[in-house]
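Notes follow once the structure below has been shown.
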Amino acid sequence: MIKNCKKALSLVLALTVMICCFSPALAQEATPTDAGEYVTSDTQPFRISLTVNGDTASERGFTWFTKADTDSLVVINEAPDAVIEYNDVFEWEGNYCHKAKVKGLEGGKEYTYTVGSAQVRSNEGKFRTDDGDSELNFIVVADVQASSDENFRRGAETVEASFSVMPDAEFIANLGDFTNDSTNEEWDYYAKNFDPISLKTSLVPIAGNHDGLGVWHWFENMFNLDDSESVQNLNGVNYSFDYGNAHFAVINTNDVLSVSLAQLKWLRNDMNSTDKDWKIVFAHKSPYTLGKDGKWPDALYLQKSLTKVCDECGVDLVMSGHDHQYLRTKPLKANKLNDNGTTYILSGTAGTKRYQIRSFLENSFTDVDKIAAMTVQRDGYANYFNGTDFESTKDTNVGGCFNCLSIKDGTLTLNSYILSDELKDENGGRIITNIDTYTVTKETGKNIATFSGDNTTSAAEFYLGVVPSFCALAVYTFTGWLPRFLSIVPDIIRVYIEEDTF
């Protein structure tokens with residue numbers, strides 16, 4: 001009894017401090033480290049990425065690092081005369097960053113390439129350019145967020161499994177939190193385990209709150225992206241691209257702790273500038289979640305700010321990470337069930353850090369009747385939503401999560417999977433379980449572009465909007481979030497005492 005009282009008292013004190021002083025923890029300062037056996041020479045390229053950058057039919061962006069300052073050379077084997085624009089090599093946190101952009105490729109063609117210098121080359125990578133037709137396969141993962149070599153290895157195994165299910169994926173989107181503390185040591189572990197995967201296809205990276213928040217420009221320097229319309233580049237990049245008959249927008253939810261008014265304006269204009277049949281948004285933070293981060297103002301604010309833009313622009317799908325569990329909503333519009341609304345996917349974690357449900361958020365921050373599917377992992381077993389409650393369990397649901405999506409004309413299909421941590425099939429391979437399937441069909445050729453012109457944000461416009469953006473979040477914090485939060489404090493205390501979960 002005394003122990004429980006102390007728990008309750010300490011929680012109340014913690015809540016008081018958090019309400020008064022809400023602010024995200026900054027990432028640890030990055031320090032140069034040795035990449036160990038993975039990097040065997042100062043001129044060997046590592047942290048290699050090939051990213052969507054500009055026209056997906058003809059352009060790509062390359063980034064790699066070396067320990068020493070060397071020249072940069074990209075070789076496209078099937079296009080030896082391709083136009084390649086090189087950035088100046090620059091020192092970043094003890095290593096040297098190389099960036100290049102290739103232009104003038106043919107649509108619908110597979111290319112192989114190497115990067116490095118004239119003397120030292122990488123292993124061969126490959127990618128396929130957009131052929132412009134109405135069929136597209138792609139993979140989505142989130143939140144590897146590891147600190148150790150072992151946990152990066154396990155995250156890489158999950159992503160490798162996604163390619164066994166969808167070997168013809170034309171790109172892979174990573175919804176953020178590539179590392180835990182964004183240190184050189186962690187990025188080296190990431191490179192050791194993920195560089196072989198990065199050579200398989202094009203990457204669409206999304207900034208997570210652990211990807212250098214507090215150490216400006218980490219994310220921008222890790223990847224070569226089209227930042228021509230990004231409202232700011234300090235802690236992430238917002239950008240967009242077309243692929244097949246779909247338009248994708250990547251938003252940066254680190255922007256003023258959530259999304260700034262400038263970025264919301266950009267997203268609205270961007271989505272209204274396309275006549276593609278499918279409109280899809282990638283983000284790190286999720287507006288709908290029952291995880292530990294769903295109780296803070298920034299997540300709940302997205303239910304107001306981001307969803308409003310999605311409603312106005314007819315966005316079909318929003319995929320996000322951050323809260324380390326899998327959740328799919330029913331189609332929503334104005335935060336209500338609507339068959340013509342937007343579906344929101346919290347895409348699970350490819351890593352080993354998994355969040356159990358915070359039951360005190362049910363029907364206060366996220367209404368259970370809006371949930372179509374959910375898998376929650378904790379303590380070696382996994383609950384899943386059976387349409388009524390979260391008490392059903394299945395041992396094959398314990399593992400890393402990945403998502404495979406296909407678009408064919410007017411049909412979009414999502415299949416989400418778990419690679420089991422330990423369970424194996426009769427051939428000794430780890431079991432892959434399909435935890436959710438979702439299909440939506442629409443009539444094509446109906447979207448009309450209603451915006452054209454300049455969609456850039458000047459530095460002056462962004463910084464003049466910072467205070468109004470913070471004010472909008474602050475007003476919502478005290479008028480929308482705080483009343484709901486205070487109303488569930490008794491439930492929070494009860495759950496903390498019973499389950500030691502906050």
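The values are calculated or read from the model by the stated rules, or taken from the named source; none is laboratory data. It should be emphasised that the depicted structure is a prediction, and the values quoted were computed from it without experimental measurement. So basically every Cβ, Gly included, is an ideal-geometry build from the backbone, and we count neighbours across all protein chains shown.
Some notes on this structure:
- Of the candidates ASP195, ASP211, the single residue that is in contact with a Phe, Trp or Tyr (Cβ under 7 Å, 6 or more places away or on another chain), acidic (Asp, Glu) and buried (at least 24 other Cβ atoms within 10 Å of the Cβ) is ASP211.
- Within the stretch 80-114, being without any contact (Cβ under 8 Å) to a residue 60 or more places away in the chain and among the charged types (D, E, K, R) holds for ASP81, GLU85, ASP88, GLU91, LYS103, GLU106, LYS109, GLU110.
- A Cβ distance below 8 Å, combined with a sequence gap of six or more or placement on separate chains, defines the contacts here; from the stretch 440-451, residues that are touching a residue at least 60 places away in the same chain (Cβ under 8 Å) and at positive phi reach residues that are surrounded by 10 or more Cβ atoms within 10 Å (Cβ to Cβ) and not polar (S, T, N, Q) in the pairs GLY445/ASP277.
- Looking across the stretch 274-300, the residues that are of a type in the set (Phe, Trp, Tyr) and either part of a strand (DSSP E or B) or modelled with pLDDT of 95 or more (or both) come down to TRP278, PHE282, TYR288.
- Boolean, ALA283 is over 28 Å from TYR113 (Cβ atoms), in contact (Cβ under 8 Å) with a residue 40 or more places away in the chain and either under 18 Å from the mean Cα position of the chain (by Cα) or surrounded by fewer than 24 Cβ atoms within 10 Å (Cβ to Cβ) (or both): yes
- Answer residue from the stretch 424-435, given it is loosely packed, with under 14 Cβ neighbours inside 10 Å and of a type outside the set (Gly, Ala, Ser) and is modelled with the highest pLDDT among those: ASN434
- Candidates PHE178, PHE171 - the one that is aromatic (Phe, Trp, Tyr) and surrounded by fewer than 24 Cβ atoms within 10 Å (Cβ to Cβ): PHE171
- Listing of strands (runs of 3 or more DSSP E) fully contained in the stretch 51-131 that carry 1 or more residues being buried (at least 17 other Cβ atoms within 10 Å of the Cβ) and on the phi > 0 side of the Ramachandran plot: 110-116
- Unique residue being among the charged types (D, E, K, R) and within 19 Å of PHE138 (Cα to Cα) when the list is GLU185, GLU220, GLU229, GLU170: GLU170
- Within the stretch 446-502, helices (runs of 4 or more DSSP H) holding 1 or more residues that are of a type in the set (Asp, Glu) and surrounded by 15 or more Cβ atoms within 10 Å (Cβ to Cβ): 489-499
- Scanning the stretch 477-496 for residues that are small (Gly, Ala, Ser) and closer than 17 Å to SER305 by Cβ yields one hit, GLY480.
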